[in-house]
Amino acid sequence: MKRLRVWIALGLLMLPIVARTAWFYRGVYQRQTPVPTPDYASLTMPVPPLATAQPEKASAPVTGKVVALDQAHDNLFGVTEIEALAGAAMGLGARLETVTYESSLTDTLKYASAYMVIAPSLSFTPEEIQQVRRFVERGGRLLVLADPTRMFFGGEVATANSLLTPYDLSFSDDYLYNLVENEGNYRNVLLRQFTPLSLTEGLTTVAFYAACSVNTTTGTPLIQGDERTLSSRTDTGGNLAAAALSANQQVLALGDLTFITPPYYQVADNARLIRRVAEFLVSGERTHSLADAPFLFGRPVSIVATKSITLTADMAEPMGKWQAALRPISVTLNMTALPAPDSDVIVLGSYTPSDDLMPYVMPFLGVSLTETAPITGVKGPIGASILVPGLGKVARSGTGLMLFSRTEKRSTLILLADTPEGLSKLVEMLATGDLTACAVQERVALCSVGKAKSTSAP
Amino acid sequence: MSEQKRPSGWRRAGRAFLWLAFPLAVGVLLSLLVPRPVVGVIYLDNVIYSKTANDWIAQLAYARAHPEVRAVALIVNSPGGTVVDTEAVYQELARLRQTKPVVASVEVMAASGAYYLSVGTDYIYAKPASLVGNIGVIDELPPPPIVFENIVSTGPYKLWGMPADTVLRRMEMIKQGFYQAVKLGRGDKLRVGPEVLLRGEIWSGTEALRMGLIDELGSRSQAIERAAQMARIDHYRVADLRSLAGLPPARGLPLLEMPEETIPLYPHEPGLYLLYVPPRDRRLP
């Protein structure tokens, strides 16, 4: 009985405790699985793919090639950033020349073999665009680089595109990215699709560090991303190009600048691509016209004075000027009796036909040095004339004639005037590149070199 | 004589009190020692930086140390903050969750570091138009190594901590940690892969639900109820852990409490701060 009472008492003691516990607590919280947290210790920093170790074949060095570098359009880069590309071009024998605010694009493009424009932020004028078009038409190479990270500071792809649109190339106002496989960051894309051309020879993987996509329909997309490489503009992808070549293979658009800069040029095959770009810059073959004076030649020139003219001391000064002007592009002028092999030639003569002059004049169909009947000018008869195609009958007195031809074998420039003084003036005009006193066509220029002598009617 | 020995009514009543009422009364008194369970509420309503992180860690520590706090509800409204401070709070959360459930309720925004903390809870609620996600890291590259005439140091990176390229790659490593936290936190519920998650995008609560970034659309009270349900408690009390932990009330407006001297180097561009590595982290004396 007493034991029962104890149990009842204990029960009553526990009752409120149990009741309160039951009121608040329906059970005990027990975690089924441990709380998962990241294994921070196993995280590693991504490392860049190593550069290809295969040695490069030595290329034959070029001479006299000039790569013009645009610095006249508030270009958003420093020259030190492109040391790798400049070094590669110079290693191939080319010379880098900057086109600054002061210097004239027209003058530089007369002798440059390539024109390189990087991240321009100041618009090109219609005249400049025309000059660049003419430059490309005559065999010049054009390289345009854009970089989305530089546009942030005011550059626009439209500025770079103004040079590219004539060749059906354009940069998009975007950047490429790959979230799945990249070079340390989503915007650093690894590109492995290459169109087999000399520009992509030996490339396996290149890394671009924020690159604009390049659009073309008639040109060749050179370097493309895979389907996981997307454009920031549309968040879609699939074969987006980061570099493209125009249909005439003379204009190259590269969507990234950073891959040229240190230390990124050492990643993957970037150094090899830089070398290919340098080879592209120096491998263009310019065809010159008289408008390119004084830079009409790309190799040594033989000056041949025909029997029809007697050289005077007056000729020495303009000839010296011309030599000086050609020195930066490593072209020399040499007086010889006959043209040296593997050289271009300048033929000096008068309108009087001679047997050593005519073989040079003959290829210019329609040019006739045979004296025709005197023609009459405004102030009366001005003597004998010659026939020049496109210009017709031209008075010999007071005029000079430039005939320029280019064949696979050599370039030939024939300078004709009635007097040695007139010939000196022609050379002077060519040496200074000032042809304002001339009516210039592609291959023929008729220049005023003095007053025409009036002759009395017979 | 035998009748005289029988206890009187009073005596019987006294005995009955002794055996019935007294134990009951004592039991009632003892039952008061059984604490009323508490669902602690932590307001994660600011940028995550050293001061706010310290406050939240103190509240989490209080919850862990006090048995009456049976569950915690994290009321999230933050654009994220610095990496180290976010990781510090995340690790404290993980410790607390070993013993007590934690449920998050996203109010306006759980962006970046705030979402990092949200995936460190057992269940996530959000409003249909809440902003959720923004998974990723922001950093600022140091300048190239330079030397000064009048400032000398003992190594090329003493001034800036590391080369720019290393900063970039370290940021990628931090991002991988963030991504792992999301994967582990969401587990099988996650319905999108890294190619979507790591875009850094921020989604509405509705989209986040579809993608498995949250568990349910719901209110703060639902989050509290869910926490209580997980902790298997009833008739609980809801208490602000800040006051329970004896912390002073938060000064200033939420999201604006950023003393200039504490975090002066946040990016000033419009947008979200994300999980940010402040440059000062790299310039330890």
Mind listing just one residue for me: the one in segment A:33-43 that is surrounded by 10 or more Cβ atoms within 10 Å (Cβ to Cβ) and part of a loop (DSSP other than H, G, I, E, B) and, of those, farthest from the other protein chains (Cβ to nearest Cβ)? A:ASP39
Take A:SER289 and decide whether it is out of contact with any helix residue (DSSP H, G or I) (no Cβ under 6 Å at 6 or more places or on another chain) and either surrounded by 18 or more Cβ atoms within 10 Å (Cβ to Cβ) or not polar (S, T, N, Q) (or both). yes
With respect to B:LYS158, is the statement that it is more than 27 Å from A:LEU179 (Cβ to Cβ), touching a strand residue (DSSP E or B) at 6+ places or on another chain (Cβ under 8 Å) and assigned by TED's automatic domain parsing to the domain that holds B:ASP240 true? no
Qualifying position, being part of a strand (DSSP E or B), out of contact with any Gly (no Cβ under 7 Å at 6 or more places or on another chain) and in the same structural domain as A:MET90 (by TED's automatic domain parsing), among A:LEU179, A:LEU203, A:LEU252: A:LEU252
Which residues, taken from segment B:161-175, are farther than 22 Å from B:GLY80 by Cβ and at the interface with chain A (Cβ under 10 Å from one of its Cβ atoms)? B:PRO163, B:ALA164, B:ASP165, B:THR166
Looking at segment B:5-24 only, could you name the residues that are part of a loop (DSSP other than H, G, I, E, B) and either surrounded by 12 or more Cβ atoms within 10 Å (Cβ to Cβ) or out of contact with any helix residue (DSSP H, G or I) (no Cβ under 8 Å at 6 or more places or on another chain) (or both)? B:ARG6, B:SER8
Counting residues that are in contact with a helix residue (DSSP H, G or I) (Cβ under 6 Å, 6 or more places away or on another chain), which strands (runs of 3 or more DSSP E) fully inside segment B:94-182 reach at least 3? B:102-111, B:123-126
Scan segment A:18-32 and report the pairs whose first residue is at the interface with chain B (Cβ under 7 Å from one of its Cβ atoms) and whose second residue is among the acidic types (Asp, Glu), with Cβ atoms within less than 8 Å and a gap of 6+ or a chain change. A:TRP23/B:ASP234; A:PHE24/B:ASP234; A:TYR25/B:ASP234; A:ARG26/B:ASP234
Report, by residue number, each residue of segment B:25-52 that is facing chain A (nearest Cβ under 8 Å) and surrounded by 18 or more Cβ atoms within 10 Å (Cβ to Cβ). B:GLY27, B:SER31, B:VAL34, B:PRO37
Expected single match for in the same structural domain as A:MET319 (by TED's automatic domain parsing), surrounded by fewer than 22 Cβ atoms within 10 Å (Cβ to Cβ), in a helix (DSSP H, G or I) and modelled with pLDDT of 80 or more among A:ALA439, A:ALA431 is A:ALA431
Those residues of segment B:135-160 which are within 14 Å of another protein chain (Cβ to nearest Cβ) and of a type in the set (Gly, Ala, Ser), in sequence order: B:GLY136
Under 30 Å from A:THR261 (Cβ atoms), of a type in the set (A, V, I, L, M, F, W, C), assigned by TED's automatic domain parsing to the domain that holds B:GLN59 and surrounded by fewer than 20 Cβ atoms within 10 Å (Cβ to Cβ): which single residue out of B:VAL196, B:VAL108, B:VAL137, B:VAL167 fits that description? B:VAL167
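The values are calculated or read from the model by the stated rules, or taken from the named source; none is laboratory data. Everything quoted here is computed from the prediction, not taken from an experiment. Quick reminder, even Gly has a Cβ in these numbers, built from the backbone with ideal geometry, and neighbours come from all protein chains shown.
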